[in-house]
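J.: Let me begin by handing over the structure; questions about it come next.
Values in this text are rule-based calculations from the coordinates and carry no lab data. Since the model is a prediction, treat every value here as computed from it, not as a measurement. No Cβ is skipped: glycine too gets one built from the backbone with ideal geometry, and neighbour counts run over all protein chains shown.
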Amino acid sequence: MSKNKIFIPCEEANHVCDKTQYKEATLWEKIKLNIHLAYCSACRKYTKNNTALTKLFKREKPQTLNVEAKEDLRSAFEKELANYKD
């Protein structure tokens, strides 16, 4: 993969989008991403969704289950799954 390549594939564009989200992308990567976004609607949608998700997590503090609740959920899932096995 050439560092001077201006046109990047979607997989690389999505990776740069993720790096940008965490402020890890270089200026050159951001330039290449913006060029890619100019012609790729799928990656524009990925970037839009990624940005929305980042804003949501900054605004709302995610809640997690405690260990006991996780184990209860796992047990209930495994019990239900056993009903569907051959």
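J.: When you count, for each residue, the other Cβ atoms within 10 Å and take the mean per peptide, how do 20-30, 65-75 rank with the highest first? If you can, show how the numbers build up before the last one.
T.: Working: 20-30: 12.5, 65-75: 9.8.
Ranked from most to least packed, the peptides come out as 20-30, 65-75.
J.: Do any cysteines of the chain lack a neighbour Cys whose Cβ is under 4.7 Å away, and which are they?
T.: Here Cys10, Cys17 come out as lacking a disulfide-compatible partner, given the Cβ-Cβ threshold of under 4.7 Å.
J.: When only Cα pairs under 8 Å and 6 or more residues apart are kept, what is the percent relative contact order across the chain?
T.: Details: 34 pairs, mean separation 22.9, N = 86.
Reported as a whole number, the value is 27 percent.
J.: Ok, one more. Quick one: if you take sqrt(5λ) for each eigenvalue of the C-alpha gyration tensor of the chain, what semi-axes come out, biggest first, whole angstrom? Let's see the in-between values first.
T.: Details: eigenvalues 304, 63, 28 Å².
The answer is 39, 18, 12 Å, longest axis first.
J.: Kindly state, as a whole number, the per residue volume in cubic angstrom of the convex hull around the alpha carbon atoms of region 1-46. Numbers along the way, then the final one.
T.: Values: hull volume 2.9 nm³, N = 46.
Considering the Cα atoms of region 1-46, their hull volume per residue is 64 Å³.
J.: Counting each DSSP H run of 4 or more residues in the chain as -39500 (n - 2.57), what helix-only mean residue ellipticity at 222 nm follows after dividing by all residues, to the nearest 500 deg cm²/dmol?
T.: Working: 4 runs with 60 residues, N = 86.
Value at 222 nm, helices only: -23000 deg cm²/dmol.
J.: Can you list which of the DSSP-assigned H helices in the chain have a Cα extent of 18 Å or more along the long axis and an average Kyte-Doolittle score of at least 0.0? If you can, show how the numbers build up before the last one.
T.: Working: long enough: 27-39 (19 Å, 0.15); 41-59 (27 Å, -1.02); 67-82 (22 Å, -0.66).
What comes out of the filter, once short or polar helices are dropped, is 27-39.
J.: Can you list which of the chymotrypsin sites (Phe, Trp or Tyr not before Pro) found in region 53-86 are DSSP loop residues with at most 11 other C-beta atoms within 10 Å? Don't skip to the answer; put the middle values down first.
T.: Details: sites: Phe57, Phe77, Tyr84; in loops: Tyr84.
Counting only loop positions with at most 11 other Cβ atoms within 10 Å, the chymotrypsin sites (Phe, Trp or Tyr not before Pro) in region 53-86 are Tyr84.
J.: Could I ask something else about it? I want the local charge near Lys23. Using Cβ-Cβ distances under 12 Å, sum +1 for each Lys or Arg and -1 for each Asp or Glu among the other residues. Show your work: numbers first, answer last.
T.: Numbers: positive: Lys19, Lys30; negative: Asp18, Glu24, Glu29.
Net charge around Lys23: -1.
J.: Next question, about the same structure. For region 9-37 and region 55-74, what is the centre-to-centre distance using only Cα atoms, to the nearest Å?
T.: With region 9-37 and region 55-74 each reduced to a Cα centre, they are spaced 30 Å.
J.: So, one more: Using the Cα centre of region 28-68 as origin and beta-carbon charges of +1 (Lys, Arg) and -1 (Asp, Glu), tell me which of Ala38, Asn49, Thr64 is placed farthest towards the positive end of the dipole.
T.: Positive-most Cα among the choices belongs to Ala38.
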